[in-house]
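For reference, the structure is listed below as structure tokens.
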Amino acid sequence: MTPEAFNGLSETEAISLLRPLVSIPAWAKTVSEARPYSSVEDVLRCAEAACDNWTQEDIARALSAHPRIGERASGTGKEAQLSRGEQATLNISQQAVIDALHDGNLRYEQRFGRVFLIRAKGRSAEQILDNLQRRLQNLPDDEDRETAQQLKEITLLRLKEIFQS
């Protein structure tokens, strides 16, 4: 899609395109309402700035739509399709890695009360596992910031992909 094509969408169409990228309705509305854009870079700048307005409640809502890392997202919606595609690149085949991710996910959820979120694209299963182990040592406020950053990275990567197709 080009910025011009994005600019030409109705408000409903633009929001429908953006909503699966992150389950934060206010973000999609902000990015849509800032049209017209003259370039992909302008869209990304606006989208990134809108990420900085996320509240803890927004992030919690968005996390509820994400599967555990290493587990296949269920459902037929666009967000589930995006998650499956992102995690498909992990190629997790070693049982020891599968078990360690499962155990780490459970320990993370017990410690922080939410699903562990990390940008999977561009990372190996071992890198993700290393990050999971490291982040289990974070203080809650530090982990809140890191989770928000990972959600932002995922969202912006998904947005870039719209304009690359």
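Just a few scattered comments:
- Rounded to whole Hz, the Karplus (6.51, -1.76, 1.60) HN-Hα couplings of segment 136-147, x for glycine and proline: 4, 8, 5, 6, x, 5, 5, 5, 4, 5, 5, 4
- Between the beta carbons of residue 55 and residue 106, assuming R0 = 45 Å, the FRET efficiency works out to 0.95 to the nearest 0.05.
- Applying 1/(1 + (r/R0)^6) with r as the Cβ-Cβ distance of residue 45 and residue 134 and R0 = 25 angstrom yields a FRET efficiency of 0.25.
Readers should treat all values here as calculations from the given coordinates under stated rules, not as data from a laboratory. A quick note: this is a predicted structure, and the numbers were derived from the prediction, not measured. Cβ sites come from the backbone with ideal geometry, for glycine too, and all protein chains shown count toward neighbours.
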